[in-house]
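Bear in mind these aren't lab numbers, they're just calculated from the coordinates by the rules spelled out. The structure displayed is predicted, hence computed values, not measured ones. Cβ placement follows ideal geometry from the backbone for every residue including glycine, while neighbour counts extend to all protein chains displayed.
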Amino acid sequence: MGAYTIEGGEVLEILETLLMKGKEEEMEKVIASNKWSRTISGAEYGETKRLLLEVEAQLIKLEGNGYPYFSITGTIRKTDKRYRDPIIACGAIHEEILRYFPHLAPLVEVHLSAPDGQPIHAEANARYWAGLSKWADGRAMSPRDNYGRIEIETDKNGVEWSPKTLASHLQCDEKTAREVRGAMVAGLPWDKITAHAGLIELWSGQAGKARALLVSREEVSA
């Protein structure tokens with residue numbers, strides 16, 4: 001076998017590359033994933049040529065997170081390679097994803113949720129959208145934003161909350177969200193509320209449908 005030499009600088013560069021690759025693998029572990037793509041009309045975006053919509057869904061675990069979570073994002077790009085920056089839109093473009101891939105609705109439904117379908121920070125975020133969170137000085141937090149994007153309702157006690165956003169967070173219909181808020185106002189414990197409202201079964205079913213759309217890289221127990 002022929003001998004060869006590597007300069008010190010080259011060795012250092014190789015070691016740094018291997019180290020960075022190892023760190024990236026430690027920081028991000030993809031458990032299951034899938035991709036979809038299709039061309040779409042560019043007219044909506046002021047383009048005469050067709051565009052490419054690429055969608056990626058994952059069940060992924062990041063370093064520091066206590067559990068994996070679902071993620072579905074997309075990228076709309078120009079297909080002409082002459083453009084230096086071909087990307088027109090990217091990220092959680094769920095409206096566009098559902099328009100062209102309606103069968104991916106189960107994945108959109110559990111975006112950022114745990115493997116069992118439970119929404120991220122389920123109780124804390126539910127209390128916030130229900131208008132039941134308080135500042136350190138005891139003042140009530142309002143989910144009203146500065147742009148008027150959140151639909152606000154005021155209850156009989158003058159407390160502002162957002163039924164639609166609460167329902168979206170809990171991945172349920174608005175009727176159920178109102179029932180959940182009523183139970184929270186009454187002071188019932190969270191586990192009792194979710195069980196009585198049927199949310200545990202709902203989330204489990206949603207997660208099952210989402211996992212069925214992914215290609216498993218290892219066995220996942222919800």
Checklist line | Of residues in the stretch 24-68 being hydroxyl-bearing (Ser, Thr, Tyr) and assigned to a strand (DSSP E or B), the one farthest from Ala92 (Cα to Cα) | finding: Thr39
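Okay, residues lined up against (1) surrounded by fewer than 16 Cβ atoms within 10 Å (Cβ to Cβ); (2) within 24 Å of Asp116 (Cβ to Cβ); (3) in contact with a Pro (Cβ under 6 Å, 6 or more places away or on another chain):
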position	(1), (2), (3)
Ser33	yes, yes, no
Lys49	yes, no, no
Gly64	yes, yes, no
Pro68	no, yes, yes
Thr73	no, yes, no
Check: Give me the pairs: first residue in the stretch 87-110 and within 12 Å of Glu44 (Cβ to Cβ) and touching a residue at least 12 places away in the same chain (Cβ under 8 Å), second residue assigned to a strand (DSSP E or B) and charged (D, E, K, R), beta-carbon distance under 9 Å, and six or more apart or on different chains, which are they?
Finding: Ile88/Arg77; Ile88/Lys78; Ala89/Arg77; Tyr100/Arg38
Checklist line | Residue satisfying condition, being charged (D, E, K, R), over 30 Å from Ile60 (Cα atoms) and loosely packed, with under 13 Cβ neighbours inside 10 Å, within set Glu160, Glu201, Glu151, Glu179 | finding: Glu151
Margin query: I need the full set of residues from the stretch 75-90 which are surrounded by fewer than 12 Cβ atoms within 10 Å (Cβ to Cβ) and assigned to a strand (DSSP E or B), in order please.
Written below: Ile87
